[in-house]
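*Asks:* One structure, pasted below without further comment.
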Amino acid sequence: MLGSTHGTLTTDFRARVEACGETPRTAVHSSAAPSAEDAVALDVSGRPLHSDVPDLDRFFRPESVAVIGASDAEGRPNTGITRQLIAWAERVGARLHPVHPTRTTVFGLACHASVADLPEQVDLAVLLVADPLPVIEELAETKVKFAVAFASGFAETGDAGAAAQDRLAAAVQRSGLRLLGPNTNLNAFEAFRQDLDGPAIALITQSGHQGRPVYSLQELGIRLSHWAPTGNEADLETSDFISYFAEQPEVGAIACYVEGLKDGRSFLLAADRAARAGVPVVAVKVGRTETGARMAASHTGKLTGADTVVDAAMRQFGVIRVDGLDELQDTAALLARARRPQADGVVVYSISGGTGAHFSDLATEAGLTLPTLDPAKQDELHQWIPEYLNVANPVDNGGHPVGDWRGRKIIDAILADPSVGVLICPITGPFPPMSDRLAQDLVDAAEQTDKLICVIWGSPVGTEDAYRTTLLGSSRVATFRTFGNCITAVRAYLGHHRFTAAYRSPFDEAPRTPSPSFRKARALMRPGQQLSEHAAKQLLRAYGIRVPREQLVTSAAAAVRAAGLVGYPVVMKASGPQLAHKTELGLVKVALTSASQIRDAYRELTDIARYEDVPLDGILVCQMIERGVEMVVGVTQDDLFGPTVTVGLGGVLVEVLHDAAVRVPPFGEDQARAMLTELRGHALLEGVRGAPPADVDALVEVILRIQRMALELGDDLSELDINPLMVLPRGQGAVALDALAICR
């Protein structure tokens, strides 16, 4: 994007350059102007359904670069940075122009006194100044496409820094250029090996040091194509780079280290773009604990988000979340280079029965499928493996053959089984010449098959030729150092391809216009108030969610008449705008079967409310619903993602069991059903101890209707809680027995 703002070099340029020292890192809260397409393509809540993909070609491979504040003075921080940028510009074939108000040359290159004196329009400006704001304003006239600000002291430092960052972001938006940083570093200008081929990993990090393990994969023969150190993300953010990398043909996987997200919807749109393209995104996301979230927020000044919501959102859009940097590098490397699996079955092949049993336990516990090889295949393997050894899976060869062709025959026979998509060979330690021949046979077999072969080289030394030369020299064998990392990576590999094969973008089907229910619901909203149970149930009715027959009454006589109309037995409950936990206060009476019980219950409920000083709008006389499975369905607002939908086991133990699943709208029926399978108590819906199966279809329908409500009411609905939602036996539906709604 090109800017049109005009400006001149300010008189304090010299002071800013001379004040510049080491430039750590910073954060921001702003967003670029939406495109015309984005302005039109909004869902019913007003959130975008599409995002622009920034054209970052000229950022990563510019034709011309300006270094503002360049220096070759001995001992100055900018000198080392300038030297590195000159070397990088030579590698990518860019012309570099130093800019400094008092120098005529820098490292032998002609130096210009100001941005206005540059001999050409440059693609990229690197700002080695303590305060980038005035320079951004000066760059607008020159129509620079991109700028990088290393300076720190912004949102990561507190409120004053955040305000400074907001001013910087606003200036960037006015200028039309795109900014990386502030509080970033030189990782984008690292030297990448050019002698490696095959699909590459593109790396995104908010902390440069955390990307070092992935960058170092080049020393193991794994290609790295880009590194985007996003820093505080005053403008360009993680989502921009995910969207861009997903469309680069050389990128086989995107590896991310994320501390905070700038905007939840933009992240989901970027993940959606990667999922559509089939490009795996592997991420470490900090903030699982309160301590981690606090440290991450202080580092970039950004929201880490509620971890349960972040985790669910990533899973929903196919982002593979891992915990360690070692998992990040191993999983990204496998996903970048492995071909599409032909089957989900995993076979473990080992030279030790103990090793095979140990690994198989861990793999099965992690959810990998270890199929039992059929009798014919076992008979075939026993041609080369003694009969007393188990070859059903895991396959125990008792010692890989060294002196003849049998070892390769065993491997080829396993790979020929149509149920096998992955062969994993754990080698817990080197045992020459057996381990050497085994490694070579595995590499040779990998060259002849499209199926994935993984090796775990368990030696703590890692200097053996079989490892350093044979295994790491192969681009077709995935080599790991630990059981855990291998299992994590293989599970992610199989899961990614299952996910993308079935993926349908929820943004394509997201509602764009309000339903007829919206007008009814909007009339029931009371800004800033909690609705009474009766009003909250009317809200549910507006969206077609079934509630019991009930009447709101204000006298004992009216209660008796209502019970006759509703039908005995009935439930009586106090109803008021400030009531959240009626059961604890004794404000619920169940299984009432006579007029006398109704009158007594009315008197008792109103007495308790008067004693507890709880204002009532009346007493609800409700139809009593037969027992089913008690669930909870609700809506909450997340700081990053907006409205979220939760489903879990309900009733009085909901806050004890904490058995719930979360999704971020929009999502389809498949995700609604997936929420239920994530629950530890999912078996209750299938029927246990003689109970009939629950009406899961009706439950899914409620979840989808609640999602529609969440989208249409948007931020105006701060919280909604249906607890319990009684899911009746199959074919009988689901009924919301109680509801709480809080308006913004």
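Any read-out appearing in this document is the output of simple, stated calculations on the displayed coordinates, not a laboratory observation. None of the values given here were measured: they were computed from a predicted structure. Counting neighbours? That spans all protein chains shown, and the Cβs are built from the backbone with ideal geometry, glycine included.
*Asks:* Using a ≥ b ≥ c from the Cα gyration tensor of region 629-743 (square roots of the eigenvalues), is it rounded, prolate or oblate, where a/c under 1.5 gives rounded and otherwise the larger of a/b and b/c decides, a/b for prolate?
*Replies:* Prolate, because a/c is 1.5 or more and a/b exceeds b/c.
*Asks:* Follow-up question, since we're still on this one. Whole-Hz Karplus ³J(HN,Hα) for region 80-96, in order, using 6.51 cos²θ - 1.76 cosθ + 1.60 and θ = phi - 60°, x for Gly and Pro?
*Replies:* So the Karplus estimates, Gly and Pro as x, are x, 5, 4, 4, 5, 5, 5, 5, 5, 4, 5, 5, 8, x, 9, 7, 10 Hz.
*Asks:* If you don't mind, another one. Using Stokes-Einstein with the Kirkwood hydrodynamic radius over Cα pairs, what translational diffusion coefficient do you get for region 539-581 at 37 °C and a viscosity of 0.692 mPa s, in µm²/s rounded to a whole number?
*Replies:* 273
*Asks:* Label region 516-623 by shape, choosing from rounded, prolate and oblate, from the square roots a ≥ b ≥ c of the eigenvalues of the Cα gyration tensor; if a/c is under 1.5 it is rounded, and otherwise prolate applies when a/b is larger than b/c, oblate when it is not.
*Replies:* Taking the square roots of the gyration eigenvalues as a ≥ b ≥ c, region 516-623 is oblate.
*Asks:* So what's the net charge close to L368: Lys and Arg +1, Asp and Glu -1, counting the other residues with Cβ under 13 Å from its Cβ? Please report the intermediate quantities before stating the final value.
*Replies:* On the way: positive: R491, R498; negative: D344, D361, E365.
Local net charge: -1.
*Asks:* Run through the DSSP bridge list for the chain and note the antiparallel percent, rounded to the nearest 5.
*Replies:* Percent antiparallel among DSSP bridges in the chain is about 45.
*Asks:* In region 354-478, if the dipole is taken from +1 on Lys/Arg beta carbons and -1 on Asp/Glu beta carbons about the Cα centre, which of G407, M434, V420 is farthest to the positive end?
*Replies:* Comparing the listed Cα positions along the dipole, M434 ranks first.
*Asks:* Quick one: net charge of R730's neighbours, Cβ under 11 Å, K/R +1, D/E -1?
*Replies:* Taking every Cβ under 11 Å from that of R730, the sum is -3.
*Asks:* Based on the mean of other beta carbon atoms within 10 Å per residue, what is the order of 171-179, 459-467, 416-424, most packed first?
*Replies:* 171-179, 416-424, 459-467
*Asks:* Restrict the search to region 600-704; then list the trypsin sites (Lys or Arg not before Pro) that DSSP places in a loop and that have at most 10 other Cβ atoms within 10 Å of their Cβ. Walk me through the numbers before you get to the answer.
*Replies:* Details: sites: R603, R610, R627, R663, R673, R680, R689; in loops: R627, R680, R689.
When the trypsin sites (Lys or Arg not before Pro) of region 600-704 are filtered for loop state and at most 10 Cβ neighbours within 10 Å, R627, R689 remain.
*Asks:* Continuing with this model, one more query. Can you pull a Stokes-Einstein diffusion coefficient for region 188-337 at 10 °C (1.306 mPa s), Rh from Kirkwood over Cα pairs, as a whole number of µm²/s?
*Replies:* 105
*Asks:* Evaluate E = 1/(1 + (r/R0)^6) for A501 and D166, where r is the Cβ-Cβ distance and R0 equals 51 Å; express this FRET efficiency to the nearest 0.05.
*Replies:* The pair A501/D166 has a calculated efficiency of 0.75.
*Asks:* Also: Would you order W88, W405 from fewest to most other beta-carbon atoms within 10 Å of each residue's own beta-carbon?
*Replies:* Neighbour counts put them in this order, fewest first: W405, W88.
*Asks:* Counting alpha carbon pairs within less than 8 Å and at least 6 residues apart, what relative contact order, in whole percent, applies to region 629-743?
*Replies:* Numbers: 234 pairs, mean separation 35.4, N = 115.
The value is 31 percent.
*Asks:* Here's something else I'd like to know. Cut-off is 10 Å between beta-carbons; in what order do Y388, Y257, Y543 appear when sorted fewest neighbours first? The partial results should precede the final answer.
*Replies:* Numbers: Y388 8, Y257 24, Y543 20.
Least to most surrounded, the residues fall as Y388, Y543, Y257.
*Asks:* Let me spell out the model: positive unit charges on the Cβ of Lys and Arg, negative unit charges on the Cβ of Asp and Glu, origin at the Cα centre of region 516-623. What dipole size does that give, in debye rounded to 20?
*Replies:* For this selection, approximately 620 debye.
*Asks:* Quick one: of K143/K262; K520/K582; K285/K409; K145/K285, which pairs are farther than 32 Å apart, Cα to Cα?
*Replies:* Beyond 32 Å: K285/K409.
*Asks:* Can you find, among Q218, A228, L196, the residue sitting farthest towards the positive end of the charge dipole of region 188-337, where Lys and Arg contribute +1 and Asp and Glu -1 at Cβ?
*Replies:* Towards the positive end, the residue furthest out is A228.
*Asks:* Let me ask something additional. Set the Förster radius R0 to 56 Å, insert the Cβ-Cβ distance between E387 and A691 as r into 1/(1 + (r/R0)^6), and round the FRET efficiency to 0.05. Kindly include the intermediate steps, with their values, before the conclusion.
*Replies:* Numbers: r = 49 Å, r/R0 = 0.87.
FRET efficiency, E387 to A691: 0.70.
*Asks:* Just want the ordering: H497, H97, from fewest to most Cβ atoms lying within 10 Å of their own Cβ. Kindly include the intermediate steps, with their values, before the conclusion.
*Replies:* Values: H497 19, H97 24.
Listing H497, H97 from fewest to most nearby Cβ atoms yields H497, H97.
*Asks:* May I ask for the distance between the Cα centers of region 404-439 and region 217-261, given as a whole number of Å?
*Replies:* So the two Cα centres are separated by 35 Å.
*Asks:* Could you tell me whether region 345-481 comes out rounded, prolate or oblate from its Cα gyration tensor? Rule is a ≥ b ≥ c as square roots of the eigenvalues, rounded for a/c under 1.5, then prolate if a/b exceeds b/c, otherwise oblate.
*Replies:* Rounded shape, in that the Cα axes give a/c under 1.5.
*Asks:* Match the structure shown to one of the listed values (i) -0.26, -0.52; (ii) -0.42, -0.66; (iii) -0.35, -0.65 of log10 I(q)/I(0) by the Debye sum over Cα atoms at q = 0.05, 0.07 Å⁻¹, computed from it, and give that label.
*Replies:* The value computed from this structure is option (iii).
*Asks:* Can I ask one more? Check which residues have an amide H placed less than 5 Å from H112's amide H, if you skip close sequence neighbours.
*Replies:* V99, H100
*Asks:* Right, next: Explain nothing, just the number: relative contact order of the chain, from Cα pairs under 8 Å at least 6 residues apart, as a whole percent.
*Replies:* It comes to 10 percent, rounded to a whole number.
*Asks:* Then there is this: When Lys and Arg each count +1 and Asp and Glu each count -1, what net charge do the other residues less than 15 Å away from A557, Cβ to Cβ, add up to? Intermediate values should be presented prior to the final figure.
*Replies:* Details: positive: R561, R599, R603; negative: D600.
Net of charged neighbours comes to +2.
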